[in-house]
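One structure is given below, encoded as structure tokens.
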Amino acid sequence: MRRVILAVTATVAGLVALLSFKTHSPSAERTVATPQQPPSLPSGERAITGNVADTAYGPVQVQLVMKSTRIVTVNILEQPSSTEHDLQLGQLAFPRLIGETIAAQSARIDTVSGATYTSGGYIKSLQSALDNGV
Amino acid sequence: MSVLSFPAFTARLRHAEHVMGTVVSFDVPLSARDDGSLDSAVRWLHWVDRIFSPYRPDSDVSLLASAEVTVEACAPEVAEVLAACAFVRELSGGYFTSSPGGQFDPSGYVKGWAIERAADILTAAGSASHLVNGGGDVQCVGGRGGPALPAEPWRVGIADPFGSGSLALVVTARDQAVATSGTAERGSHIVNPVDGCPASGLASLTVVGPSLALADACATAAFAMGPELAREWTESLEHHEAFAITAAGESWQTTGFSRHISTD
């Protein structure tokens, strides 16, 4: 269970860092996970809902669907949506970060080598997710 | 400065620093924070940026480019970088240059060199297991930290140049550098110094070798060569192996590259 909570904390921290890019919030590390067991999930899978994390752009809450110690899916339960930037993040960055979270976990990689990214490109990158503890 | 760590779990720390127009990521033992070597490595990168940035009008490189100062008046590292650029230019038959487009700009060498030096700073302070990634170019020292002894090799994903977020393959690396040149993030920014045209034919080229300064410069030179010459040239380099994905989506690798590929 400890590993699961760490995984949740790491992912929440990653998402919070994505939103509050210039002002990484140390409070993200203190987010506590609350296990839940919705009846609709396939057997062996369970959902874990993180606490709401306050970011510079507004509250974020994520839910992980786990099978054993692996993340199967990440659901965004709450995300900022009051500005154009918020909506872009919701449409572009969240799905990409979630996909990369799961890809990185599958490949068990420590880092990524690729064409040099700019500072702005980093925010969408897999390396960014890894740096935030995925 | 952002530090997210889980000391009880891994006794390691990851740090991401915005510098040199990109982000430099560190994976270090906690001791590197406590003994100040992580701070020293970060300060080194900002110093390099101040001296070598072509975007800062008061950098040594900018003053040198406009002939306002001589090499002798610059930081001694400038002469070191110039000598190294000349070496790679010779090694690559002119496919590497410190003057792309005719303007003095050694950035093609500086980043990999600076990242390798940052890793050296951590080694000198006693770390035997760390990794520094500068915008996609990686210097690994030792193997990855963790409970396993001997340490497992680092696992470095090679980004698929055609798929955002997916990997072409995974390289395992111990005391190795992994450098990739490509068009995926910034478009056709590598110019072939021999004919002056944007490099074409390759989508991505990765070089694995012991030194990031050299591996990164070789990846840039090979990318400029195009697929056929790059394959022949990288095959001829001692202690270096290469993997490339062409613009058509085909891939090739040098004969020794397979020993770096993770099979699990």
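All of the numbers you see were taken from the coordinates with simple rules; none came from a lab. Since this is a predicted model, take the numbers as computed values, not measurements. Positions of Cβ are generated from backbone atoms using ideal geometry, with glycine treated the same way; all protein chains shown enter the neighbour counts.
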**Q.** Calculated FRET value between B:H46 and A:R108, using beta carbons and R₀ = 35 Å, to 0.05
**A.** 0.60
Q) Amide H to amide H, which residues 5 or more places from B:V191 or on other chains are under 5 Å from it, using H placed in the peptide plane? A) B:A199
(Q) Given the options B:A222, B:P210, B:V141, identify the residue whose Cα lies farthest towards the positive end of the charge dipole of chain B (+1 on Cβ of Lys, Arg; -1 on Cβ of Asp, Glu). (A) B:V141
Q. Of B:D34, B:D60, how do they rank once you tally other Cβ atoms within 10 Å and put the fewest first?
A. B:D34, B:D60
**Q.** Distant-in-sequence amide H partners of B:S99 (H built 1.01 Å from N, under 5 Å)
**A.** B:D105
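I'd like to compare B:115-127, B:44-56: which one has the highest average count of other Cβ atoms within 10 Å, and what's the full order after that? Don't skip to the end; give the middle numbers.
Working: B:115-127: 19.7, B:44-56: 17.2.
With the highest mean Cβ count within 10 Å placed first, the list reads B:115-127, B:44-56.
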Q: Along Cα→Cβ, 7 Å out, is where each label goes; now give me the distance between the ones at B:A86 and B:R56 in nm to one decimal.
A: 2.6 nm
Q | Distance (nanometres) between label positions extended 7 Å along Cα→Cβ at B:A151 and B:A11 | A | 1.2 nm
Q | Using a Förster distance of 25 Å, the FRET efficiency for B:A128-B:T263 (Cβ separation, nearest 0.05) | A | 0.45
Q) Mind checking which of B:G209, B:G157, B:G36 has the largest fluctuation in a GNM of chain B, springs on alpha carbons under 10 Å? A) B:G36
**Q.** Under 5 Å, built H, 5+ apart or other chain: amide partners of A:V72
**A.** A:V65, A:M66, A:K67
